[in-house]
Amino acid sequence: MGKRYLVTGGAGFIGSHLCETLLKAGNKVICVDNFYNGNLNNIRGLFNYSDFHFIEADVRSFSRMKEICNSCDYIFHLAAQIHVEKSIIRPKETLDINLTSTQNFLEICKENSNLGMTLASSAEVYGEGVHAETSPLNPQSPYAASKVAAESLCTAYHHTFGTNVRVIRNFNTFGPRQKSSGYGAVISIFARRALDNRPILIYGDGSQTRDYQYINDAVSGYLVSENIPPGTIMNTGFGTDFTINEIAEKIVKISGSKSKIIHTDPRPGEVIKLRADISKAKSLGYNPEFSLEAGLKDFISWMGKYDMESMGYMT
């Protein structure tokens, strides 16, 4: 018999894939989203599952979340204001959404010792470099700072109240349903332009590196997280970084594109190198399976089948 899961931000890119995976495994899923970031197209197919329930609600509402959680066994808290650029323009809103919602679920878990939770955090908490979970935190934006604060709250609740919570630090993720816009969507942006045979624009000389994990592996990380010790913080990524030039070249080759790669002015303050140390995650049962090439082939094949603009993936 399956469990009943709450997935907040379940209409988002990663959240919708997590909902789908849980449903296919025979579980019941309550998806909460207010479409701040989410897209209804991401979850349309999930309504075919009798055990899928969608609730449009704001995760900052403690009473509403408590009511929903009364029938749940576990919480995957992915809902957040996730855009670095927006956090610079709206820092107060970013902190309000990301911290208030996290505290709500921690309070609910504190009151119900049988309820567990995984918080979705981000590699943005680290800043530049190759990072293990013990690396110093160096947030470079209000978004990153909000995630540091939310993580700290999780750790504090675990140590103070024994709250059953753990944290996943996602490194860059790509795959179907990702919007072709925003700072973290480099692969989606490049792939869309390649399929349209438009120029691929790279900021700076393209020597900056990123560690990209495919969506299937990111979801696997969440599934693993449910069974790791409470209070644990765990990276998920692939553990290998590639230059932006290499990523663009692979996309052009795989898609058979005629796109030209064009370099433009560097982005001020851009992180030059970012790679996940996933040694700890591997020791806890996380084992990413999709190489960058395998993920790109799958993603580009998916993207070529859909009208991205009409489905809301171009905004």
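The values are calculated or read from the model by the stated rules, or taken from the named source; none is laboratory data. Every value quoted in this text rests on a predicted model; they were computed, and no experiment measured them. With ideal geometry, Cβ positions are generated from the backbone for all residues, glycine too; neighbour counts draw on all protein chains shown. Just the protein is used for accessible areas: all its heavy atoms, side chains included, with ligands, DNA and RNA removed. Shrake-Rupley method; radii C 1.70, N 1.55, O 1.52, S 1.80 Å.
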Can you tell me which of S152, S180 is modelled with pLDDT under 95 and over 23 Å from P288 (Cβ atoms)?
-> S180
Scan Y212, Y222 and give me the residue that is of a type in the set (S, T, Y) and touching an Asp or Glu at 6+ places or on another chain (Cβ under 9 Å).
-> Y212
Given the conditions (1) closer than 20 Å to A79 by Cβ; (2) in contact with an Asp or Glu (Cβ under 9 Å, 6 or more places away or on another chain); (3) not in a helix (DSSP H, G or I), which single one is not true for M117?
-> (2)
Answer from I97, I89 - the residue that is free of Cβ contacts under 8 Å to residues at least 12 places away in the same chain, β-branched (V, I, T) and open to solvent by 10 Å² or more (accessible area, probe 1.4 Å) | I89
Looking at this structure, is A194 in contact with a helix residue (DSSP H, G or I) (Cβ under 7 Å, 6 or more places away or on another chain), buried (at least 20 other Cβ atoms within 10 Å of the Cβ), within 27 Å of N41 (Cβ to Cβ) and aliphatic (A, V, I, L, M)?
-> yes
Return only the number of the condition from (1) assigned to a helix (DSSP H, G or I); (2) at pLDDT 95 or above; (3) acidic (D, E) that E85 does not satisfy.
-> (2)
Which residues, counting only those in segment 142-169, are open to solvent by 20 Å² or more (accessible area, probe 1.4 Å) and touching a residue at least 60 places away in the same chain (Cβ under 8 Å)?
-> T155, H158, H159, G162, N164
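Table: residues versus (1) part of a loop (DSSP other than H, G, I, E, B); (2) over 18 Å from D205 (Cβ atoms); (3) open to solvent by 80 Å² or more (accessible area, probe 1.4 Å); (4) free of Cβ contacts under 8 Å to residues at least 12 places away in the same chain.
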{"residue": "I262", "(1), (2), (3), (4)": "no, no, no, no"}
{"residue": "P266", "(1), (2), (3), (4)": "yes, no, yes, no"}
{"residue": "R275", "(1), (2), (3), (4)": "no, yes, no, no"}
{"residue": "Y286", "(1), (2), (3), (4)": "yes, yes, no, no"}
{"residue": "A294", "(1), (2), (3), (4)": "no, yes, no, no"}
{"residue": "D298", "(1), (2), (3), (4)": "no, yes, no, no"}
{"residue": "K305", "(1), (2), (3), (4)": "yes, yes, yes, yes"}
Test: N216 is open to solvent by 60 Å² or more (accessible area, probe 1.4 Å), modelled with pLDDT of 95 or more, among the polar types (S, T, N, Q) and under 14 Å from the mean Cα position of the chain (by Cα) = yes
